[in-house]
Amino acid sequence: MARNLQTIRNIGVIAHIDAGKTTVTEKMLYFSGAKHRAGAVDSGTTETDEDPEEQERGITIYAACVTFPWKDVHINLLDTPGHVDFTAEVERCLRVLDGAVVVFSGREGVEAQSETVWRQANKYGVPRVAFINKLDREGADFERTFSEIEKRLEANPVAIQIPVGLGPAHARDPFRGVIDLIAMKMLTFPAEEEGKKVVASDIPAELQDDAELWRATMLEKLYDYSDELMELALQEESPPEALVHKVLRAATLEMQVQPVMCGTALHNIGVQPVLDAVMRYLPSPADRPPVKGANPKKKDAVEIRRPDAKDPFCGLVFKILPAKTGDFYWVRVYSGEIKANSRAYNPTKDKKENISQLWQIHATKRERDGQIPVVSAGDIVGVIGPRYSITGDTLCDGAQPVVLESIKFPETVMSMAIEPETTDERKKLAEVLDMLKKQDPTFRADQSEETGQTIISGMGELHLEVIKHRLLRDFNLNVKVHKPRVSY
């Protein structure tokens, strides 16, 4: 499955909890044609929140991967959690992604976890676009949210759309569409077409002045990145749309600006333009710098791998889903290619790993009929076969080994003692806890030398509560969780 590198977009959708990430993802799948009916978070029918715990709570807990086409590009999208207890899922995804869509609630604005995920994206040098969502809600405020992105996140947002109206249908001037500041057209998304049709029309006269003002601000921010744009401005000529897109792309890839769009994903307004922005402004693997790693056989030697199928193979394991039929490893391929029924080398463990099967990932499972013979540089793939690798390990060509930078996870913040209801289940509990540790690098389970108790540690109360529920639901293990005993 060797795709043209220029047409791949590896992106994540990141945000504070309840900003609407999963709904945005769901509508992207729907409008791309990958789904015939859009699911809903409230009814537990979304593609990426398939775990019973996620459906029950209405939140994302585990990162999920979906893949779909949009116009000229192929998108690998990771939907990530927004709750602070599961921020490690965001960390592992941003480590391997090329770009991100950051979703903000137009009512709540920039929130605590918005700041966290923004910092994480900065840490990994991930270019991004922003989507101000939920503008149909009571109290929604586009300008306030835009200003908070600029001030609280110390960002350089560039509005390429502004809303037409704000608030719910019963408001005096309800939210009903967006103005495209590049094409200078009003975009509406007729409800009777379920938003599938995007209608471009002239900007109403009463909104023209406001649109001109926002457009002038947009162009002013872009003059710093293009002499050609500046010259046209000095000649008082309007720049062609293609030039504005070109400058926006270049500035976004350099992380100098963040294009900002708006809408309401739940009511099908503004999602297709976000997909267009992913295609136009976010990087392909070919736009990203080559990866660097250490040579395990030569001290201080730096190995470079280009995003090219002809380079030696290297990839990074960034997520593992344990299964009785064989653990499912998610791997970002950075260079070369990997084939089914082959072997790869893990230089950290100094072990050769079997690569038995390669699969397209769908949500958190293998995509039905998604088995593939070969995967090339730039793609994300599910692998069955390895036995020794853990999250953050490199897989590579044994003849030309390289160790990529691993994934650093935060330290745990909360610990509890855990014990099975019956002593007969001690062995089973230990095995399951080991499996959960492999799946979740921020979960720890150790035996206290002083008290002999099994101590589980995680990122917070909700994190450990979810673990406890999983033990009962998935493994039929009744457990008691309480504060650890203190030895004197």
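Some notes on this structure:
- Those strands (runs of 3 or more DSSP E) lying entirely in region 157-265 with at least 1 residues without any contact (Cβ under 8 Å) to a residue 24 or more places away in the chain and exposed (fewer than 14 other Cβ atoms within 10 Å of the Cβ): 199-201
- Taken over region 407-445, residues that are touching a strand residue (DSSP E or B) at 6+ places or on another chain (Cβ under 9 Å), among the charged types (D, E, K, R) and part of a helix (DSSP H, G or I) amount to 6.
- The one condition from (1) touching a strand residue (DSSP E or B) at 6+ places or on another chain (Cβ under 8 Å); (2) within 18 Å of MET435 (Cβ to Cβ) that LYS324 does not meet is (1).
- Across region 330-382, the qualifying residues are those that are in a strand (DSSP E or B) and basic (Lys, Arg), and the one among them that is farthest from VAL402 (Cα to Cα) is ARG368.
- Region 103-131, subset hydroxyl-bearing (Ser, Thr, Tyr) and part of a helix (DSSP H, G or I), residue surrounded by the most Cβ atoms within 10 Å (Cβ to Cβ): SER114
- The sole residue among ASP287, ASP276 that is within 14 Å of VAL101 (Cα to Cα) and acidic (Asp, Glu) is ASP276.
- Of the residues making up region 442-468, just one is over 16 Å from MET414 (Cβ atoms) and modelled with pLDDT of 85 or more, namely GLN447.
Conditions (1) closer than 24 Å to TYR124 by Cβ; (2) at pLDDT below 85; (3) touching a Gly at 6+ places or on another chain (Cβ under 8 Å), marked per residue:
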residue	(1), (2), (3)
ALA2	no, yes, no
THR7	yes, no, no
ILE11	yes, no, yes
HIS16	yes, no, yes
GLU26	no, no, yes
TYR30	no, no, no
HIS36	no, yes, no
ASP42	no, yes, yes
GLU47	no, yes, yes
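- Screening TYR388 with (1) modelled with pLDDT of 90 or more; (2) in contact with a Lys or Arg (Cβ under 6 Å, 6 or more places away or on another chain); (3) in a loop (DSSP other than H, G, I, E, B); (4) farther than 27 Å from CYS314 by Cα gives one miss only, at (4).
- Some residue of region 69-90 being over 21 Å from ARG288 (Cα atoms), of a type in the set (Val, Ile, Thr), in a loop (DSSP other than H, G, I, E, B) and not assigned by TED's automatic domain parsing to the domain that holds TYR329: yes
- Matching entry among ARG57, ARG95 (being surrounded by fewer than 24 Cβ atoms within 10 Å (Cβ to Cβ) and within 22 Å of PRO289 (Cβ to Cβ)): ARG95
- Among the residues of this structure, ASP369 does not count as one that is surrounded by 24 or more Cβ atoms within 10 Å (Cβ to Cβ), under 25 Å from the mean Cα position of the chain (by Cα) and within 22 Å of GLU26 (Cα to Cα).
- When PRO296 is tested against the conditions (1) of a type outside the set (Val, Ile, Thr); (2) over 28 Å from the mean Cα position of the chain (by Cα); (3) surrounded by fewer than 16 Cβ atoms within 10 Å (Cβ to Cβ), the lone failure is (3).
- Note on region 448-479: residues that are in contact with a strand residue (DSSP E or B) (Cβ under 6 Å, 6 or more places away or on another chain) and in a helix (DSSP H, G or I) amount to 3.
The values are calculated or read from the model by the stated rules, or taken from the named source; none is laboratory data. As the structure is a computational prediction, the values presented were derived from the model and not from experiment. Quick reminder, even Gly has a Cβ in these numbers, built from the backbone with ideal geometry, and neighbours come from all protein chains shown.
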